Structures are given as structure tokens and as C-alpha cells.
1. Could you give P(r) for the chain, binned at 10 Å from zero, as whole percent values over all Cα-Cα pairs?
2. Can you compute the FRET efficiency between Ser54 and His79 using 1/(1 + (r/R0)^6), with r the Cβ-Cβ distance and R0 = 25 Å? Round to the nearest 0.05.
3. Please name which of Ser84, Ser5, Gly52 has its Cα lying farthest along the dipole of the chain towards the positive end, using unit charges on Cβ (Lys, Arg +1; Asp, Glu -1) and the Cα centre as origin.
4. Using Cβ contacts closer than 10 Å as the measure, can you line up Tyr9, Tyr40 from fewest to most?
5. Before anything else, pin down the relative contact order of the chain: Cα pairs under 8 Å, at least 6 apart, normalised by residue count, whole percent.
6. Mind putting a number on the dipole of the chain about its Cα centre? Charges go on the C-beta only, +1 for Lys and Arg and -1 for Asp and Glu, and I need it in Debye to the nearest 20.
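Read-outs throughout are calculated quantities, based only on the coordinates presented, and are distinct from any laboratory measurement. What you see is a predicted model, and the numbers here were worked out from it, not measured in a lab. A quick note on method: Cβ atoms are made from the backbone with ideal geometry, for glycine too, and the neighbour counts reach across all protein chains shown.
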Amino acid sequence: MSVQSAEHYKAGRRKPSNRVLKLFRLHRDGKVLGDAWEDYRVIDERLFGLDGKSIRPTDIALWELVWQIAAEANREAYHELLDSLRRA
């Protein structure tokens, strides 16, 4: 959508279509991914990466637990791993 169209909608000169309203709601509710996610796709309940592998919301919660366990098990190795990932 163009900036000009958005300005018309905001000023009330034009009424947005149902598709545009749905997009506005998605954006308002934080359900639109930013530019960093451009090559990712959401299909059903899964987020697919560039390699074709998918992840579910429950997988993300489990990964958080794995990282917490790793940090508790060996803090030094955990921080070394984090530093190596930041440099990559």
C-alpha cells in the first residue's frame, strides 16, 4: 500500500477495503514480522526458515528451557558459546 493511500484512509477521504482493515489489525496486534524475517514463511502453526525446517511456538518455549539448563550446568561454556554466536 502506498503512503498516499494510507494518508487518504487516515484523513477519512477513502474507506479501506476489508483486506486492508485485516492488514491494519494484524499490524496493530503485532502479528506482522519485520524485514529481518523477509525470507521466512508462516504456514499453519509453523514458522519455516530458509533451510526449510520449521519451528512451532512450543519449540521456542522448550529452547528457552534448554538454554537455561545449559547456563546452570556450565556458566563459562554457556557464555563462550553465546560470544561465539554473536561473532558469527
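1. Spelled out bin by bin, the chain gives 13, 26, 27, 18, 12, 4, 0 percent.
2. That pair, Ser54 with His79, gives E of 0.25.
3. Positive-most Cα among the choices belongs to Ser5.
4. Details: Tyr9 17, Tyr40 13.
Ordered from fewest to most neighbouring Cβ atoms within 10 Å, Tyr9, Tyr40 come out as Tyr40, Tyr9.
5. Numbers: 28 pairs, mean separation 8.1, N = 88.
Computed over the chain, the figure is 9 percent.
6. My answer is approximately 980 debye.
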